[in-house]
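**Student:** Handing you this structure, nothing more for now.
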Amino acid sequence: MRQKLVVGNWKLNGSLLNNKALIAGLLERLKGINTADFAICVPYTYLFQAQNLLKDSNIEWGAQNVSQFDGGAHTSSISAPMIAEFGCKYVIIGHSERRALSNESNQKAARRFARAVDAGLTPIYCVGETLEERAAGLAENVVKNQILAITHGLDEIVFERAKQVETVIAYEPVWAIGNGQTASPQQAQQMHAFIRDLIAKVDVDFASKVRIIYGGSMTPANASALLAMPDVDGGLIGRCALLADDFSQICKKASMADQLYLVA
Ligand code: PEP
(Lines give C-alpha, C1' and ligand atoms only; values in the text may rest on other atoms or scores of the structure.)
Protein backbone atom coordinates (compact mmCIF):
# COMPACT_ATOMS: atom_id res chain seq x y z
CA MET A 1 0.00 0.00 0.00
CA ARG A 2 1.22 3.51 -0.78
CA GLN A 3 1.94 5.47 2.38
CA LYS A 4 0.10 8.81 2.45
CA LEU A 5 2.09 12.00 1.97
CA VAL A 6 1.04 15.44 3.24
CA VAL A 7 2.96 18.45 1.93
CA GLY A 8 2.57 22.05 3.07
CA ASN A 9 3.02 24.71 0.41
CA TRP A 10 3.91 27.88 2.29
CA LYS A 11 3.81 29.99 -0.89
CA LEU A 12 4.98 33.58 -0.32
CA ASN A 13 4.61 33.46 3.46
CA GLY A 14 6.94 33.31 6.42
CA SER A 15 9.53 35.16 8.45
CA LEU A 16 12.43 33.76 10.44
CA LEU A 17 10.53 34.33 13.66
CA ASN A 18 7.16 32.93 12.53
CA ASN A 19 8.76 29.93 10.82
CA LYS A 20 10.53 28.99 14.01
CA ALA A 21 7.27 28.91 15.94
CA LEU A 22 5.35 27.13 13.18
CA ILE A 23 8.01 24.44 12.75
CA ALA A 24 8.30 23.95 16.51
CA GLY A 25 4.52 23.48 16.63
CA LEU A 26 4.66 20.86 13.87
CA LEU A 27 7.55 18.98 15.45
CA GLU A 28 5.73 18.81 18.75
CA ARG A 29 2.41 17.68 17.28
CA LEU A 30 3.80 15.15 14.77
CA LYS A 31 6.55 13.69 16.92
CA GLY A 32 6.93 9.93 16.55
CA ILE A 33 4.28 9.52 13.83
CA ASN A 34 5.69 7.39 11.04
CA THR A 35 2.65 5.90 9.34
CA ALA A 36 2.49 8.79 6.85
CA ASP A 37 5.11 11.07 5.29
CA PHE A 38 5.17 14.82 5.91
CA ALA A 39 6.94 17.76 4.28
CA ILE A 40 6.86 21.53 4.00
CA CYS A 41 7.87 23.47 0.88
CA VAL A 42 9.14 26.88 1.93
CA PRO A 43 10.41 30.00 0.12
CA TYR A 44 14.04 29.59 -1.01
CA THR A 45 15.29 32.02 1.60
CA TYR A 46 14.10 29.74 4.39
CA LEU A 47 15.56 26.46 3.13
CA PHE A 48 18.58 26.80 5.37
CA GLN A 49 16.37 27.44 8.39
CA ALA A 50 14.09 24.52 7.50
CA GLN A 51 17.10 22.25 7.11
CA ASN A 52 18.45 23.24 10.51
CA LEU A 53 15.17 22.85 12.33
CA LEU A 54 13.93 19.69 10.60
CA LYS A 55 17.04 17.56 10.16
CA ASP A 56 16.73 14.33 12.14
CA SER A 57 12.95 14.74 12.32
CA ASN A 58 10.04 12.97 10.59
CA ILE A 59 9.26 16.10 8.51
CA GLU A 60 11.02 16.61 5.15
CA TRP A 61 11.40 19.97 3.44
CA GLY A 62 11.60 21.29 -0.08
CA ALA A 63 11.28 24.23 -2.46
CA GLN A 64 8.38 25.56 -4.49
CA ASN A 65 9.96 25.77 -7.93
CA VAL A 66 13.25 25.24 -9.74
CA SER A 67 14.94 26.69 -12.80
CA GLN A 68 14.87 24.77 -16.05
CA PHE A 69 18.61 25.54 -16.27
CA ASP A 70 21.51 24.35 -14.11
CA GLY A 71 23.52 27.56 -14.40
CA GLY A 72 24.39 30.58 -16.52
CA ALA A 73 22.95 34.01 -17.21
CA HIS A 74 19.52 33.55 -15.63
CA THR A 75 19.29 36.34 -13.08
CA SER A 76 17.15 35.50 -10.02
CA SER A 77 16.76 31.81 -10.92
CA ILE A 78 17.58 29.01 -8.49
CA SER A 79 18.88 25.70 -9.85
CA ALA A 80 18.08 22.15 -8.76
CA PRO A 81 21.64 21.43 -7.54
CA MET A 82 21.45 24.59 -5.40
CA ILE A 83 18.22 23.39 -3.80
CA ALA A 84 19.67 19.92 -3.26
CA GLU A 85 22.54 21.48 -1.29
CA PHE A 86 20.06 22.36 1.44
CA GLY A 87 19.11 18.72 2.00
CA CYS A 88 15.72 19.12 0.32
CA LYS A 89 13.81 16.00 -0.61
CA TYR A 90 11.02 17.65 -2.62
CA VAL A 91 10.43 20.42 -5.10
CA ILE A 92 7.06 21.56 -6.40
CA ILE A 93 6.93 21.84 -10.21
CA GLY A 94 4.27 23.47 -12.37
CA HIS A 95 2.06 24.83 -9.59
CA SER A 96 -0.95 26.52 -11.19
CA GLU A 97 0.07 29.87 -9.69
CA ARG A 98 3.43 29.58 -11.49
CA ARG A 99 1.76 28.36 -14.67
CA ALA A 100 -0.59 31.37 -14.58
CA LEU A 101 1.85 34.04 -13.38
CA SER A 102 4.65 33.11 -15.79
CA ASN A 103 2.55 31.74 -18.59
CA GLU A 104 4.36 28.46 -18.09
CA SER A 105 3.90 25.79 -20.75
CA ASN A 106 3.76 22.04 -20.14
CA GLN A 107 7.10 21.74 -21.94
CA LYS A 108 8.77 24.24 -19.63
CA ALA A 109 7.35 22.49 -16.56
CA ALA A 110 8.67 19.20 -17.95
CA ARG A 111 12.15 20.73 -18.33
CA ARG A 112 12.07 21.84 -14.70
CA PHE A 113 10.95 18.32 -13.79
CA ALA A 114 13.98 16.91 -15.62
CA ARG A 115 16.41 19.24 -13.82
CA ALA A 116 14.89 18.23 -10.47
CA VAL A 117 15.23 14.49 -11.00
CA ASP A 118 18.76 14.93 -12.37
CA ALA A 119 19.66 16.56 -9.04
CA GLY A 120 18.09 13.69 -7.08
CA LEU A 121 15.08 15.71 -5.92
CA THR A 122 11.58 14.24 -5.81
CA PRO A 123 9.38 16.43 -7.99
CA ILE A 124 5.83 17.16 -6.89
CA TYR A 125 4.44 17.71 -10.37
CA CYS A 126 1.21 19.71 -10.29
CA VAL A 127 -1.58 19.24 -12.80
CA GLY A 128 -5.15 20.47 -12.89
CA GLU A 129 -7.79 22.22 -14.92
CA THR A 130 -9.40 25.65 -14.59
CA LEU A 131 -13.10 26.16 -13.95
CA GLU A 132 -13.66 27.16 -17.59
CA GLU A 133 -11.89 24.03 -18.80
CA ARG A 134 -14.00 21.81 -16.52
CA ALA A 135 -17.20 23.56 -17.58
CA ALA A 136 -16.26 22.97 -21.21
CA GLY A 137 -15.73 19.24 -20.55
CA LEU A 138 -11.98 19.56 -21.08
CA ALA A 139 -10.73 18.64 -17.59
CA GLU A 140 -9.37 15.20 -18.51
CA ASN A 141 -7.86 16.46 -21.74
CA VAL A 142 -5.98 19.26 -19.99
CA VAL A 143 -4.65 16.93 -17.30
CA LYS A 144 -3.75 14.33 -19.92
CA ASN A 145 -1.57 16.84 -21.81
CA GLN A 146 0.12 17.88 -18.56
CA ILE A 147 0.90 14.24 -17.74
CA LEU A 148 2.03 13.41 -21.29
CA ALA A 149 4.60 16.22 -21.03
CA ILE A 150 6.50 14.07 -18.52
CA THR A 151 5.62 10.55 -19.68
CA HIS A 152 6.26 11.22 -23.38
CA GLY A 153 8.04 14.57 -23.50
CA LEU A 154 11.22 13.57 -21.70
CA ASP A 155 14.20 11.37 -22.51
CA GLU A 156 13.80 7.76 -21.45
CA ILE A 157 16.78 8.19 -19.11
CA VAL A 158 15.04 11.07 -17.33
CA PHE A 159 11.87 9.02 -16.97
CA GLU A 160 13.89 6.14 -15.50
CA ARG A 161 15.49 8.56 -13.06
CA ALA A 162 12.06 9.95 -12.16
CA LYS A 163 11.08 6.47 -11.01
CA GLN A 164 14.20 6.16 -8.87
CA VAL A 165 13.70 9.50 -7.09
CA GLU A 166 10.04 8.61 -6.55
CA THR A 167 8.04 11.38 -8.24
CA VAL A 168 4.78 12.65 -6.80
CA ILE A 169 1.87 13.95 -8.86
CA ALA A 170 -0.38 16.60 -7.31
CA TYR A 171 -3.85 16.92 -8.80
CA GLU A 172 -4.87 20.47 -8.03
CA PRO A 173 -8.04 21.64 -9.75
CA VAL A 174 -7.34 25.35 -10.16
CA TRP A 175 -10.92 26.22 -9.21
CA ALA A 176 -10.44 24.64 -5.78
CA ILE A 177 -7.19 26.34 -4.77
CA GLY A 178 -7.21 28.91 -1.99
CA ASN A 179 -10.94 29.58 -2.00
CA GLY A 180 -12.53 27.01 0.29
CA GLN A 181 -14.24 25.28 -2.65
CA THR A 182 -12.86 21.75 -2.58
CA ALA A 183 -13.36 19.00 -5.16
CA SER A 184 -15.67 16.27 -3.90
CA PRO A 185 -13.95 13.01 -2.91
CA GLN A 186 -15.57 11.40 -5.98
CA GLN A 187 -14.30 14.12 -8.33
CA ALA A 188 -10.81 13.75 -6.89
CA GLN A 189 -10.90 9.94 -7.06
CA GLN A 190 -12.08 10.02 -10.67
CA MET A 191 -9.22 12.25 -11.80
CA HIS A 192 -6.60 10.44 -9.70
CA ALA A 193 -7.65 7.09 -11.22
CA PHE A 194 -7.52 8.69 -14.68
CA ILE A 195 -3.96 9.91 -14.03
CA ARG A 196 -2.86 6.50 -12.71
CA ASP A 197 -4.31 4.82 -15.82
CA LEU A 198 -2.41 7.25 -18.06
CA ILE A 199 0.85 6.41 -16.30
CA ALA A 200 0.05 2.68 -16.42
CA LYS A 201 -0.03 2.91 -20.21
CA VAL A 202 3.70 3.67 -20.00
CA ASP A 203 4.73 1.69 -16.93
CA VAL A 204 2.34 -0.44 -14.88
CA ASP A 205 4.71 -0.90 -11.96
CA PHE A 206 5.47 2.83 -11.70
CA ALA A 207 1.74 3.63 -11.90
CA SER A 208 1.01 1.37 -8.94
CA LYS A 209 3.74 3.02 -6.86
CA VAL A 210 3.49 6.71 -7.78
CA ARG A 211 1.79 8.82 -5.14
CA ILE A 212 -0.96 11.06 -6.50
CA ILE A 213 -1.88 13.66 -3.90
CA TYR A 214 -4.81 16.09 -3.95
CA GLY A 215 -4.56 19.86 -3.51
CA GLY A 216 -7.33 22.43 -3.32
CA SER A 217 -8.74 23.71 -0.04
CA MET A 218 -8.04 20.54 1.94
CA THR A 219 -8.82 21.19 5.62
CA PRO A 220 -9.12 19.12 8.79
CA ALA A 221 -12.87 19.00 8.11
CA ASN A 222 -12.73 17.47 4.63
CA ALA A 223 -9.39 15.62 4.74
CA SER A 224 -10.68 12.24 5.95
CA ALA A 225 -13.23 11.90 3.16
CA LEU A 226 -10.69 12.84 0.49
CA LEU A 227 -7.92 10.66 1.96
CA ALA A 228 -10.26 7.67 2.14
CA MET A 229 -10.40 7.53 -1.66
CA PRO A 230 -8.25 4.64 -2.92
CA ASP A 231 -6.23 6.72 -5.39
CA VAL A 232 -5.82 9.80 -3.20
CA ASP A 233 -2.39 9.27 -1.67
CA GLY A 234 -2.19 12.44 0.38
CA GLY A 235 -2.58 16.18 0.18
CA LEU A 236 -0.84 19.34 -0.97
CA ILE A 237 -1.96 21.99 1.48
CA GLY A 238 -1.84 25.77 1.08
CA ARG A 239 -3.67 27.89 3.63
CA CYS A 240 -3.93 25.23 6.33
CA ALA A 241 -0.17 24.65 6.08
CA LEU A 242 0.39 27.99 7.82
CA LEU A 243 -1.38 26.84 10.98
CA ALA A 244 0.41 24.20 13.05
CA ASP A 245 -2.82 22.85 14.44
CA ASP A 246 -4.69 22.53 11.13
CA PHE A 247 -1.75 21.10 9.22
CA SER A 248 -1.00 18.58 11.96
CA GLN A 249 -4.60 17.49 12.10
CA ILE A 250 -4.55 16.73 8.37
CA CYS A 251 -1.23 14.89 8.81
CA LYS A 252 -2.68 12.81 11.64
CA LYS A 253 -5.71 11.85 9.57
CA ALA A 254 -3.35 10.75 6.79
CA SER A 255 -1.36 8.70 9.28
CA MET A 256 -4.53 6.77 10.18
CA ALA A 257 -5.31 5.88 6.58
CA ASP A 258 -6.00 2.23 7.39
CA GLN A 259 -8.92 3.27 9.52
CA LEU A 260 -10.13 5.69 6.84
CA TYR A 261 -10.40 2.82 4.36
CA LEU A 262 -12.35 0.76 6.87
CA VAL A 263 -15.05 3.42 7.26
CA ALA A 264 -15.17 4.46 3.58
C1 PEP B 1 -2.01 25.06 -3.11
O2 PEP B 1 -1.79 26.22 -3.41
O3 PEP B 1 -1.23 24.18 -3.49
C4 PEP B 1 -3.19 24.75 -2.31
C5 PEP B 1 -3.66 23.54 -2.33
O6 PEP B 1 -3.74 25.78 -1.60
P7 PEP B 1 -5.05 25.72 -0.66
O8 PEP B 1 -4.91 24.54 0.24
O9 PEP B 1 -5.04 27.01 0.07
O10 PEP B 1 -6.21 25.57 -1.58
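**Student:** Which trypsin sites (Lys or Arg not before Pro) from segment 8-82 combine a DSSP loop assignment with at most 12 other Cβ atoms within 10 Å?
**Tutor:** 31, 55
**Student:** Continuing with this model, one more query. Which is farthest toward the positive dipole end of segment 106-256 among 190, 130, 109, measuring Cα position about the Cα centre, with Cβ charges +1 (Lys, Arg) and -1 (Asp, Glu)?
**Tutor:** With unit charges placed on the Cβ atoms, the residue in question is 109.
**Student:** Can you work out the accessible area per residue across segment 12-89, with the rest of the protein chains kept in place, probe 1.4 Å, in square angstrom?
**Tutor:** 54 Å²
**Student:** For residue 243 paired with residue 27, estimate the spin-label separation in nm (one decimal), with each label point 7 Å from Cα along the Cα-to-Cβ line.
**Tutor:** If labels sit at residue 243 and residue 27, their model points lie 2.4 nm apart.
**Student:** Here is a follow-up. Put a dot 7 Å past each Cα toward the Cβ at residue 73 and residue 205; how far apart are the dots in nm?
**Tutor:** Between residue 205 and residue 73, the label points sit 4.5 nm apart.
**Student:** Order 69, 113 by their accessible area, 1.4 angstrom probe, all chains in place, largest first.
**Tutor:** 69, 113
**Student:** With all protein chains present and a 1.4 Å probe, how do 118, 37, 155 order by accessible area, largest first?
**Tutor:** The residues order as 155, 118, 37, largest area first.
**Student:** Sticking with this one: How much of the accessible area of segment 1-115, in percent, comes from carbon and sulfur atoms when a 1.4 Å probe is used?
**Tutor:** Roughly 54 percent of what the probe reaches on segment 1-115 is carbon or sulfur.
**Student:** Give the lysines reachable from residue 253 as a straight Cα distance under 28 Å; neighbours fewer than 8 places away on the same chain don't count.
**Tutor:** Counting by Cα, and skipping residues close in sequence, residue 253 has these lysines nearby: 4, 11, 20, 31, 55, 89, 163, 209.
**Student:** Rounded to the nearest Å, what's the spacing between the alpha carbon centres of segment 124-178 and segment 2-70? Just the number, please.
**Tutor:** 23 Å
**Student:** Further question on the same structure: Given a 1.4 angstrom probe, what's the average accessible area per residue across segment 103-166, in square angstrom?
**Tutor:** Solvent-accessible surface per residue comes out at 47 Å².
**Student:** Right, here's the next one. Translational diffusion coefficient of segment 1-159 at 25 °C, 0.890 mPa s, Stokes-Einstein with Kirkwood Rh over Cα pairs, in µm²/s as a whole number.
**Tutor:** 146 µm²/s
**Student:** What is the magnitude of the charge dipole of the chain about its Cα centre, with +1 placed on the Cβ of each Lys and Arg, -1 on the Cβ of each Asp and Glu, and no other charges, expressed in debye to the nearest 20?
**Tutor:** That gives the chain a dipole magnitude of about 360 debye.
**Student:** Summarise the accessible area of segment 131-208 (1.4 Å probe, protein heavy atoms) by the percent that is carbon and sulfur.
**Tutor:** Roughly 51 percent, rounded to a whole number.
**Student:** Here is a follow-up. Could you sort 17, 243, 154 by accessible area so the largest value comes first, with the probe set to 1.4 Å?
**Tutor:** The most accessible residue leads, giving 17, 243, 154.
**Student:** Would you be so kind as to identify which of 61, 87, 22 lies farthest towards the positive end of the dipole of segment 1-99, taking Lys and Arg as +1 and Asp and Glu as -1 on Cβ and the Cα centre as origin?
**Tutor:** Sorting the options by dipole projection puts first 22.
**Student:** Taking the Cα centre of segment 113-220 as origin, work out the dipole magnitude from +1 charges on Lys and Arg Cβ and -1 charges on Asp and Glu Cβ, in debye rounded to 20.
**Tutor:** Its charge dipole is roughly 200 debye.
**Student:** Report the gain in length on full extension from residue 85 to residue 256: 0.36 nm times residue separation, minus Cα-Cα distance, nm rounded to one decimal.
**Tutor:** 58.3 nm
The values are calculated or read from the model by the stated rules, or taken from the named source; none is laboratory data. Worth saying up front: this structure is predicted, and the values here are computed from it rather than measured. Note that each Cβ is placed from the backbone with ideal geometry, even for glycine, and that neighbours are counted across all protein chains shown. Note: accessible area is taken over every heavy atom of the protein model, side chains too, but ligands, DNA and RNA are not part of it. Shrake-Rupley method; radii C 1.70, N 1.55, O 1.52, S 1.80 Å.
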